[in-house]
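Heads up: the structure comes next, in C-alpha cells.
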Amino acid sequence: MSTATTTTQDPLVDAENAPVARVRRYGLRDRLVTLGSVIVLLVVWEIVGRSLNPILAAPPSRVFTALVEMAQDGTLGEAVGATAKPFLSGYALAAVAGIPIGLLIGRFRVVEAAIGWLVVAGYSLPMIALTPVFVLWFGLEDTVKTAIVMTMTVFAVIINTWNGVQAIPRTLTEVGTAFCAPQRMILRSIVLPSVIPSIMTGLRIGVGKAVIGIVIAEFFTALGGLGGVIVEAGHTFEPDRMFAAVVVLMAGALILTWLIGVAERRIAPWNKAITGRGDGA
C-alpha cells in the first residue's frame, strides 16, 4: 500500500511573497523597457547622424570614438576633474543651505513673509544675466563656478522643501503642539521626516540646474572643463567631441540622480510603501 504525500502551501506566506515578486517582475520589465528605449534612440541617432553633414552632427559611433580618443590623450579626465570639483561643491552647498531655509520658510509665517518673495524672485532670475557680475566678484577660478552652481541650485531645493512643509497635514503638527513639544523637536521629529520626499525632489531638480550652471560658468569664465571642451569643439567644427562632452555631462547627471533615489529609499523607506511606487502596471 503506497501513501501519497501532498504538500500544501500556506496562503498567508503566498500573500506576503506576492508583493515582492510583483515588484521584482515590474522592476525587470522597467529595466528592459529602459534598455529598449536607449537602443532605439541610438539607432535613430546613428541613422540621422550619418545622413547629415559631418560638420553639423555626429552619429553615436563617432561620438564613442571621440570619447575613447579623449580618454587616451587625457583630455577627458582633465575636463571631468575641472568640472566635477566646483559642480559637487556648489551642489553640496546648495543642499546644505537650501534644506534648512526651506524648512524655516515653510514652518514659520514670519520667515515666509520676510524672504519667501526673494526665493521666488531668485528662482525666476536668469542666471546668465548675472554671470558677468559673478566673474567680477569671484574672479575666473573655481570659486565663481561654485558660486554659480550653488545659486542655480539652491532655489529649487528651497522651494520644494518649502512646499513639502506646507503640504504636511496640520493634524500631525498639532499632535506635537498638544503635547507641548518645542518647535525644534516638532521640526526634527515630525516635519523633517514628512518632507524628505519633497527634499529629494528638489535635489533631483537641482541636478539639472547645477549642470546648466556649471556649463554657463565654463562658457563665460575660461576654456576649462567639459564646458570648455564644448566651446572649443564648436569653434573647430568637431561635433563628435562636442557631443562626447555633452554625453559625459548627461551621464554624470543621471548617476547623481540615481544616487539621490538610492539615498531616499534608505532614508525614507516608508515613502515607497505609502505611495505604492513599484506596484503599478
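Looking across the range 37-57, the residues that are without any contact (Cβ under 8 Å) to a residue 24 or more places away in the chain and not β-branched (Val, Ile, Thr) come down to Ser37, Leu41, Leu42, Trp45, Glu46, Gly49, Arg50, Ser51, Leu52, Asn53.
The criterion of at least 1 residues that are open to solvent by less than 40 Å² (accessible area, probe 1.4 Å) and farther than 30 Å from Ala167 by Cα is met by the following helices (runs of 4 or more DSSP H) wholly inside the range 27-136: 60-72, 75-107. What are the pairs with Cβ atoms under 7 angstrom where one residue, in the range 63-83, is in contact (Cβ under 8 Å) with a residue 60 or more places away in the chain and the other, located anywhere, is basic (Lys, Arg) and assigned to a helix (DSSP H, G or I)? Sequence gap at least six, or different chains. Cβ pairs passing all conditions: Ala66/Arg241; Met70/Arg241.
Conditions tested, residue by residue: (1) under 26 Å from the mean Cα position of the chain (by Cα); (2) at pLDDT 90 or above.
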position	(1), (2)
Arg31	yes, no
Ile39	yes, yes
Val44	no, yes
Ile55	no, no
Ala58	no, no
Ser61	no, yes
Phe64	yes, yes
Leu67	yes, yes
Gly90	yes, yes
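Residues are listed down the side, and each one gets a yes or a no for (1) modelled with pLDDT of 90 or more; (2) over 30 Å from Thr65 (Cα atoms); (3) of a type in the set (A, V, I, L, M):
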{"position": "Arg184", "(1), (2), (3)": "no, yes, no"}
{"position": "Ser194", "(1), (2), (3)": "no, yes, no"}
{"position": "Val207", "(1), (2), (3)": "yes, no, yes"}
{"position": "Glu218", "(1), (2), (3)": "no, no, no"}
{"position": "Ala222", "(1), (2), (3)": "no, no, yes"}
{"position": "Met250", "(1), (2), (3)": "yes, no, yes"}
{"position": "Leu254", "(1), (2), (3)": "yes, no, yes"}
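Please verify whether the range 191-199 includes one or more residues that are open to solvent by less than 10 Å² (accessible area, probe 1.4 Å) and touching a Phe, Trp or Tyr at 6+ places or on another chain (Cβ under 8 Å). Within the range 191-199, none of the residues are open to solvent by less than 10 Å² (accessible area, probe 1.4 Å) and touching a Phe, Trp or Tyr at 6+ places or on another chain (Cβ under 8 Å).
The values are calculated or read from the model by the stated rules, or taken from the named source; none is laboratory data. Everything numeric here is computed off the predicted structure, so don't read it as measured data. Neighbour counts are summed over all protein chains in view; Cβ atoms, including those assigned to glycine, are modelled from backbone coordinates with ideal geometry. Protein only, heavy atoms only, side chains kept; ligands, DNA and RNA dropped before computing areas. Shrake-Rupley method; radii C 1.70, N 1.55, O 1.52, S 1.80 Å.
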